[in-house]
Each structure stands twice: as C-alpha cells, then as structure tokens.
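Note sheet for the following structure.
The values are calculated or read from the model by the stated rules, or taken from the named source; none is laboratory data. Fair warning: this is a prediction, and the values are worked out from it, not measured in the lab. No Cβ is skipped: glycine too gets one built from the backbone with ideal geometry, and neighbour counts run over all protein chains shown.
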Amino acid sequence: MKNIRLLCLGMVLMLAGCHTAGRSLHQFKAPAYRIAKPWRGERFANDKKSFQFVIIADRTGGNRPGVFEETIHKINRLQPEFVLSVGDYIEGKTEDDSVLRAEWEDFFKAIEPLQMPFFCLPGNHDISNPFMRQAYIDRMGMTYYHFVYGNVLFLCLNTEDPPPTHISEAQIQYMEKALRDNQKASWTMVLLHKPMWKYKDTAGYDKIEALLAGRRHTVIAAHEHRYQKETRRGVDHYVLATTGGSSALRGAAFGELDHIVWVTMTEQGPVLANLAVEGIYGDHFADQTP
C-alpha cells in the first residue's frame, strides 16, 4: 500500500516531461512475394506519437464489492501505459478518522495489483468536508494538478474546491498557467468528477472553458453513473458510467454498465473505445471439459 500511495503522491514528478519519443517503431520484414502477398494494407498502427491509456469511472456512491477490484486485474490484461480515474474512491461523508482510514486503506489495497501508474482526482465522496479534504491531501498531496505525456497535456481538476460543486480562483489560475506553459501541446485532456458544464451555476468552470477556447481538447467527467456524450461548442464532452458504483445496470443502451474507456491518443486526437468490464476475459475462461 505504501508503494501505491507514493505513486499517487509522486505521479506528477514521475511523468512530468515524460514522453514516447524514445519509443521505436516496430520494423516489419517479410519475403518479397513476386505475384501477390497474403495481406492487405501497408500502414501499421505503431506511430511513436500514439499511446494508449485507460480511464475508469466511479467506484463508490453505492459500491458493489468486487467490481472495481476485478476491473483492476482485467486492466493488467490490457496493459495500457497508465490509468486515469475521475474520482469517488471511497464512500466517505464522515469525520470519523478510523472509518476514513479504513476506507482509504481498502482503496489502496484495491489498486495495489495494478502494474502501471494510476492517476487520481477527487470526487464528492472523497472530499465532502474539511476533515476529508485534509485526509485526501495527506494521502495524495494535492487536489488538482497537471502533467504532460506524449506531448498531450492532462488537466486533472477538483470540482469540490470548496464549497462542493465549485472551482476556486486559485485552481483557475493554476490551470491558466499550466495551459500557458504548454501552448505547444498537441491535445489537452480535461478530467473532472462532476460534469460542471451541465449545471445551471457553473461555479468557476465557465472560466476554465474560456481558457480552453481555441485549443484542441476533450472533456471527461463522471458522477452521474450513466454514460453520456455530447458535443459542446465543437468539443466532445463525456460523462462516464460506473466501475463498481451504484447502477441499475440496464445495459449499454441505457448507458448503465460497468466499463472502462480504452483511449488511443493520435495526432488527430483521442480515439475512444468503451469496454464492458464483464466482456474482458483472461486466457482461461471457458469450460475446459470436453
């Protein structure tokens, strides 16, 4: 658990300035067939400027035990370069230190098997009062931050920057500087827990939107436990479903399922594939009896 905690605390330092430029292209070699060749197509999807990562949704807000833990093991099967999340790791809403400590230890235990970095940001269940805010900072170091990977800028926002459903002026200024310092980023991924653009009072998010104007970017949130996509001012905005949080689980047609988002970042922007957790299998899943 200590190693995972240090990972969450040190994630920015570890990957700041890290990129995939050193990742070499795989070389293709085959005999020179004289008449025809047994394949079609010439372009391999191994551009060194592309990379893959996973985004996961709410674990809590009515946690269904075992779903998130199972997902972590399935992500290891997929081997993305890293994992992003959009908050709600614990049930929270308490000022009891023993309860809070046990919930955080349970979360860190859940992500301990993960074989790649896991990036955190707070949801309303994680940071719903001043006591919990300090507990979060003690474990994660900060409630909002940014990093760059593969020339893509990632902005990880805090939508509970008190009061709840609010983005502080200090956070806005921080994000403004992050954007100014990374003007040459090829794309910007904006991650936040609550889909603030859907609220009547955007409580500071309108200023974040203004800062992003003219930049190629994508916005991803969660909180509502139902998958949704909309294009707002020419920008794709997503609300994720669940990864273990409460859900009627009526299925993909209703946007109610446990899923992860597999993202391939390309020069033209992110390509998203939603994978149902129950549809990800390892190498030993069928009945082996004849």
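For this structure, a couple of remarks:
- For beta carbons closer than 9 Å, sequence separation of 6+ or different chains, a first residue in region 84-113 that is more than 22 Å from Asn158 (Cβ to Cβ) and a second that is assigned to a helix (DSSP H, G or I) and modelled with pLDDT under 95, the qualifying pairs are Lys109/Ile4; Glu112/Asn3; Glu112/Ile4.
- Of everything in region 261-290 that is without any contact (Cβ under 8 Å) to a residue 12 or more places away in the chain and not in a loop (DSSP other than H, G, I, E, B), the residue that is farthest from the chain's Cα centre (by Cα) is Gly279.
- Any chance Ala248 is at pLDDT 95 or above, part of a helix (DSSP H, G or I) and exposed (fewer than 14 other Cβ atoms within 10 Å of the Cβ): no
- Residue, nearest to Leu84 (Cα to Cα), within region 58-73, restricted to residues that are part of a helix (DSSP H, G or I) and of a type outside the set (S, T, N, Q): Ile72
- Qualifying position, being under 29 Å from Val148 (Cβ atoms) and at pLDDT 95 or above, among Arg216, Arg232, Arg226: Arg216
- Top-ranked residue of region 137-181 - restricted to ones that are part of a helix (DSSP H, G or I) and aliphatic (A, V, I, L, M), ranked as nearest to Gly269 (Cα to Cα): Leu179
- Scanning region 40-57 for residues that are in a loop (DSSP other than H, G, I, E, B), hydrophobic (A, V, I, L, M, F, W, C) and either at pLDDT 95 or above or under 26 Å from Tyr145 (Cβ atoms) (or both) gives a single hit, Ala57.
- Residue pairs meeting the criteria (Cβ under 7 Å; at least 6 apart or on separate chains; first of a type in the set (D, E, K, R), in region 231-246; second assigned to a strand (DSSP E or B)): Asp236/Thr218; Asp236/Lys229
- Residue pairs whose Cβ atoms lie under 8 Å apart, sitting 6 or more positions apart in sequence or on different chains, and linking a residue in region 60-74 that is modelled with pLDDT of 95 or more to a partner that is acidic (Asp, Glu), are Thr60/Asp88; Thr60/Glu91; Gly61/Asp88; Gly61/Glu91; Asn63/Glu91; Val67/Asp258; Thr71/Asp258.
- Only one of the numbered conditions (1) part of a helix (DSSP H, G or I); (2) farther than 18 Å from Glu105 by Cα is not met by Gln134, and that is (2).
- Qualifying residue in region 88-98 (condition: outside any loop (DSSP other than H, G, I, E, B) and over 16 Å from Asp58 (Cα atoms)): yes
- Being surrounded by 13 or more Cβ atoms within 10 Å (Cβ to Cβ), of a type in the set (S, T, N, Q) and touching a Phe, Trp or Tyr at 6+ places or on another chain (Cβ under 7 Å) holds for only one residue in Thr266, Thr243, and it is Thr243.
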